[in-house]
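Read the structure below first, then the notes.
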Amino acid sequence: MLQGKNKLTINYTASIPFDQRLYRQDIKGSIAHAKMLAKQGIITESDAKAIIKGLNSIRKEIEQGKFQFKTELEDIHMNIEARLFEKIGDVAGKLHTARSRNDQVTLDMRLFLKEEILKTIDTIKALQSSLVELAEVNKEVIMPGYTHLQQAQPVLLAHHLLAYFEMFQRDKERFSDCLKRTDVLPLGSGALAGVAYPVDRQFLAQELGFSEISNNSIDAVSDRDFVVEFQAAATLTMMHISRLAEEIVLWSSS
């Protein structure tokens, strides 16, 4: 914030360098929204087809590295919307019918995080499998167990390795639990008080792969609990990985 003699100027940092990674989710959500608007007779089928064609073209531009992101357009939503206007003209404005950037941004975040949670769970499963395999080939190897950095009691190396299997199992369960609260469709909430159109939220949930629909519009647009939950689960997982790395260092000492 810069304060001059007679005026107050606030400098905003554009988020596009960060949230451009949400382009697939943003376009996916917009295509589903356009289909729903046409299904409900809110826009015409021809308008929906033009919008969907334009959005698919924009996705290809981004994937091919031909899309010019503009920081002055603030975020991924405005960048895609501006390009859509360039491609198909004023009909692009109909895409925003019965939708706000408020429910759009939380939709993108939920779609993105759902994918990341599933990837993370798969990665943890692979790590657990490696621990089981390593334990299997070392199930008769005896090693010193440590307390307070001192050699204390003999333990099986397999038993020690499988302690981490248990830690990562809890991590996996935490991510799975987080997924339940992330897997909730917010579209239809508008800015905060719903929308004045006969939208079909069940259709949107099915198109976008959500198992639940939000109950309260004010909560839906403001809720970021699921992001914090993911960060907490990720922090615990990284702590367990750090602990394993430290053990290897300890085992390599005298």
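Taken together, the values in this text are just the output of simple stated rules run on the coordinates, not laboratory data. Keep in mind the model is a prediction, meaning the values are calculated, not measured. Backbone-built Cβ (ideal geometry, glycine too); neighbour counts: all protein chains shown.
Given a Förster radius of 35 Å and the C-beta distance between ARG170 and ALA193 as r, what FRET efficiency does 1/(1 + (r/R0)^6) yield to the nearest 0.05? Before the final figure, lay out the partial values.
Numbers: r = 40 Å, r/R0 = 1.14.
Here the calculated transfer efficiency is 0.30.
Using the alpha-carbon centroid of each, what span in Å lies between the stretch 97-118 and the stretch 216-252? Taking the Cα centre of the stretch 216-252 as reference, the centre of the stretch 97-118 is 20 Å away.
Annotation: amide H of ILE213 within the under-5 Å range of LEU185, sequence separation 5 or more or interchain, hydrogens built in the peptide plane.
Per residue, how big is the convex hull around the C-alpha atoms of the chain? Give it to me in cubic angstrom, could you?
Numbers: hull volume 53.8 nm³, N = 254.
So the per-residue Cα hull volume is 212 Å³.
In the stretch 1-97 the Cα-Cα distances spread across 10 Å bins starting at 0 as 15, 42, 24, 12, 6, 1 percent of all pairs.
What's the ranking of 209-220, 103-114 by average number of surrounding C-beta atoms within 10 Å, highest first? Each step should come with its number before you reach the end.
Numbers: 209-220: 15.3, 103-114: 22.8.
Ranked from most to least packed, the peptides come out as 103-114, 209-220.
Helices in the chain that qualify as membrane-span-like (whole DSSP H runs, Cα extent of at least 20 Å along the helix axis, mean Kyte-Doolittle hydropathy of -1.0 or higher) are 23-39, 45-63, 101-137, 157-182, 225-251. Annotation for ALA152 and LYS49: the two label points, set 7 Å from Cα along the Cα-Cβ direction, are 7.2 nm apart.
Close amide H partners of GLY145, meaning residues 5 or more places away or on another chain with modelled amide H under 5 Å apart, are ALA152, GLN153, VAL155.
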